[in-house]
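Each remark here refers to the structure printed beneath this line.
Bear in mind that the values in this text are calculations on the coordinates, not laboratory data. Everything quoted here is computed from the prediction, not taken from an experiment. Please note: Cβ atoms are built from the backbone with ideal geometry, for glycine as well, and neighbour counts cover all protein chains shown.
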Amino acid sequence: MKLYKLKSFEGNNLLYILDMIIRERLHLSTCKYMNDVDEGSWESIENRDDDYIEKGEKLRIIIDKTKFTCFLQEINNPLMWAHYAGGFSGIALEYEIDPSKYDLRKIDYHGTPFIIKEDMKKVIDGKLYPQDLGILKQKAKCWNYETEWRLYGDTNQKYVENIKPVSVIFGVRHSNYIEIIRDIAKKYNLKRGHIHPVSDMNYEIFYL
């Protein structure tokens, strides 16, 4: 399936972009580095007794170690380019991902999940993953414009290897890094394209 990553050139992002193209790998992160303060949280539908608190503490450790990387299903919303691609001066990397090869899941915008002790224990015992319960897979409805998917990895895994972008899509604003990224994309046989507004709240990709 076709998925995207939006990247700005701010901070160390240029190094991440080069790493993604040249080394053909994706860095896995944890909920600590996400911009949603509710990432990794859950609600209780039971009394918070000592047993619940103990299991909750163990579950918290597992959640904080869970690795994943984020994709977008669509990049035609200008809000996404404004928020995640340096105000339209960054790029999008397009991927063709086989869902059968990875633990790839679409984010549900149903709000924070409700968890019972029985399910906590299943995660603690290794019978379920946090994302099986909706943790790190459900977000508030206000985030639904992101059309997000996540690829989950192992807790000791730093990268997803051997996963190459198929194209580089440029924003509508100029950046000093555009020319070098265009040359690198050409060298590594990636399609090049750019986004162009077709209405106030909709952009389309035009390939070169």
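Shape index of the chain: Rg/Rh, with Rg the Cα radius of gyration and Rh the Kirkwood radius from the inverse mean 1/r over Cα pairs, equals 1.02. Computed over the chain with a Gaussian network model linking Cα atoms closer than 10 Å, the most mobile of Pro99, Pro113, Pro165 is Pro99. Could you tell me which of rounded, prolate or oblate describes the range 115-201, using a ≥ b ≥ c as the square roots of the eigenvalues of the alpha-carbon gyration tensor, with rounded for a/c under 1.5 and, failing that, prolate when a/b is larger than b/c and oblate otherwise? The shape class here is oblate.
For a 22 Å ceiling on Cα separation, which of these pairs sit above it: Lys2/Lys186; Lys2/Lys106; Lys67/Lys187; Lys121/Lys158? Too far apart for the 22 Å limit: Lys67/Lys187; Lys121/Lys158.
Mean sequence separation of contacting Cα pairs (under 8 Å, at least six apart), scaled by the length of the range 21-152, corresponds to a relative contact order of 38 percent.
Between helix 50-65 and the chain there is an angle of about 20 degrees, using the helix long axis and the longest principal axis of the Cα atoms. Between the alpha-carbon centers of the range 68-84 and the range 170-208, tell me the distance in whole angstrom. Here the answer is 15 Å between Cα centres. Relative to the longest principal axis of the Cα atoms of the chain, helix 13-22 runs at roughly 80 degrees. Of the trypsin sites (Lys or Arg not before Pro) in the range 44-107, the ones in a loop by DSSP (not H, G, I, E or B) with at most 11 other beta carbons within 10 Å are Arg48. Using alpha carbon centroids, what distance separates the range 118-154 and the range 1-53, in Å? The two parts, judged by their Cα centres, are 12 Å apart. Kirkwood radius for the range 1-49, taken over all pairs of different Cα atoms as the inverse mean of 1/r, rounds to 14.1 Å. Using only Cα atoms, tell me the angle between helix 178-187 and the longest principal axis of the chain; keep it within 0 to 90° and round to the nearest 10. Roughly 90 degrees, rounded to the nearest 10. When you filter the trypsin sites (Lys or Arg not before Pro) in the range 115-170 for DSSP loop state and at most 11 other Cβ atoms inside 10 Å of their Cβ, you are left with Lys127.
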